[in-house]
Every structure is written in structure tokens, then in C-alpha cells.
Amino acid sequence: DSGVTQTPKHLITATGQRVTLRCSPRSGDLSVYWYQQSLDQGLQFLIQYYNGEERAKGNILERFSAQQFPDLHSELNLSSLELGDSALYFCASSVEVGQGYEQYFGPGTRLTVT
Amino acid sequence: AQSVAQPEDQVNVAEGNPLTVKCTYSVSGNPYLFWYVQYPNRGLQFLLKYITGDNLVKGSYGFEAEFNKSQTSFHLKKPSALVSDSALYFCAVRVSGGGADGLTFGKGTHLIIQP
């Protein structure tokens, strides 16, 4: 158990809908990352937050957004969902940024868009 | 841009034999390199990392990896494989000193240890 929690574990929704994925980082970790894992794209970095502020963006679509709250939990919002958004979404956290701090991953949320 | 290549989709090794999972990388600058393992229906577990210093790094569960700057490689190794090592292994990289800490992952290598 990495100490990173994600809810829900599974989510099934229809095209065009909007969903919110939630992540609680390990105790004491200030930075949160979101990744998407799919069969065709592999593991892709979406976005990073540090202590409530956006720090870096990766391959995140404009239909997707995220935020990190004062208690350091984070939410990833996915809107106007398409079939191709079906994937496993991981949250990860690290104690700090810069240097080579390793990231600890949660169990993921499996999103199925029908 | 940075990238990671894991040239083998699958590696088969007999239990008790040494194993190697290959990884090469490309970054503009000095790399931070990581290995993660993913078991079915689980998140990624951190195994080891190279930041600087000794080219041979040791990690969890008896795994080690050797950083080779001239060959831009970071192969994962274990002297004696266990059936329980069977899983999906990912190599990842990010450039040191950059403003972003998001990792770039390889496609993953399925490691199958045969009894």
C-alpha cells in the first residue's frame, strides 16, 4: 500500500458526461500528479500540482482540468467524455519537487465511457 | 523532448536464472531515471532510481539497475529470478533541473518467470 488513495475504483459513464476523480496523497506529500494509462497511448503524464498551485502540464486535453485543495487532496475533472477517454487514471504524490524525489502511485480509477 | 524505449514487449526467464529488462532513454540534459513495477489491477510500485553518483543502484526486492551514460541505458537486473517477479515493468525518465517533475514512461515490459 503506497499511502495514496483514489476514489472511485471504477466509474462507468456515457459519452458527453462529466466525471470527477479524487485523490488523497501520502501524508506529508506536497505534490500531486495525474497520469492516464491506456492500451494505445501507454502511461502519460497529464498534470502536476504543488502545494495548491499548478506546476506543470503534460498531455492534458482542454476538456480535462484539475485542482489541488488546501488539505492537499486533488481532483481531476473530465468533461464532454468520449469513448477514447476510457482508461486507467492514476494519481501519484511526492514529498517535494525538483531533485529526484520518487513518486508513489495510487491504485487508480478505471473509467469506462460507453 | 524526452523519451524512453523498452525494446522488449516480453522477457521470459526460468526461475533461479538472472534477469535483465532493458531500457534506453533520451533527454536534453542529465536524467533522473526510475523503475516501477505494476501487478495486475494494481498501481505502480517504485523499485529504484538513479539520480547521481554510483552507476549501480540497488532497490527493492533484490533488484538493481546500472546507469550507462555513454549508451544512455538503465537496464534493470536481478541475479536470481522468482516466479513472484512476474509483472509489468516500466522505466521512466525526467530531466534534472527542469521545472516539471512529470515522468515520461516507456511502453513497459512483461516479465514472465517460468517455474
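A short reminder: the numbers here are calculations on the coordinates, not readings from a lab. Bear in mind that the values here come from a model prediction, so they are computed numbers and not experimental data. In this analysis, Cβ positions are derived from the backbone assuming ideal geometry, glycine residues included, and neighbour counts consider all displayed protein chains.
Here is how the numbers come out for the structure above:
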| quantity | calculated |
| --- | --- |
| For the protein assembly as shown, convex hull volume per residue from C-alpha positions, Å³ | 119 |
| Amide H contacts under 5 Å for B:S86, placed H, 5+ residues apart | B:I113 |
| Chain A - percent relative contact order, Cα under 8 Å, separation 6 or more | 37 |
| Amide hydrogen neighbours beyond the local backbone of B:F67, cut-off 5 Å, H modeled | B:L56, B:V57 |
| Amide hydrogen neighbours beyond the local backbone of B:V11, cut-off 5 Å, H modeled | B:H110, B:L111, B:I112 |
| The stretch B:3-83, relative contact order in percent, only Cα pairs under 8 angstrom and at least six apart counted | 34 |
| J(HN,Hα) series, the stretch B:81-91, from Karplus relation 6.51 cos²θ - 1.76 cosθ + 1.60, nearest Hz, glycine and proline x | 6, 10, 4, 5, 7, 4, 4, 9, 10, 10, 9 |
| Virtual spin-label span in nm between B:D9 and B:L82, 7 Å along Cα→Cβ | 2.9 |
| In order through the stretch B:64-76: 3J(HN,Hα) via Karplus (6.51 cos²θ - 1.76 cosθ + 1.60), integer Hz, x for Gly, Pro | 9, 9, 10, 8, 10, 5, 5, 9, 6, 10, 8, 7, 8 |
| For the stretch B:107-113, 3J(HN,Hα) per residue [Karplus equation, 6.51 cos²θ - 1.76 cosθ + 1.60, θ = phi - 60°, Hz, x = Gly/Pro] | 6, x, 10, 7, 9, 10, 9 |
| Coil-residue GluC sites (Glu not before Pro) of the stretch A:17-114, DSSP, other Cβ within 10 Å capped at 10 | A:E62 |
| Shielding by other protein chains, A:55-67, mean Cβ within 10 Å | 1 |
| Cα-based convex hull volume of chain A per residue, rounded to whole Å³ | 93 |
| FRET efficiency, B:S60 to A:N59 (Cβ-Cβ, R0 30 Å, nearest 0.05) | 0.55 |
| Only Lys, Arg (+1) and Asp, Glu (-1) charged, at Cβ; chain A dipole about Cα centre in debye | 240 |
| Lys, Arg +1 and Asp, Glu -1 on Cβ, resulting dipole of the stretch A:5-54 about Cα centre, debye, nearest 20 | 260 |
| Proximal aspartates and glutamates relative to B:K22, as straight alpha-carbon distance under 16 Å, when same-chain residues fewer than 8 apart are discounted | B:E8, B:D9, B:E64, B:E66, B:D85 |
| Of A:F45, B:H75, B:F105, farthest towards positive along the dipole that unit charges on Lys, Arg, Asp, Glu beta carbons give the protein assembly as shown | B:H75 |
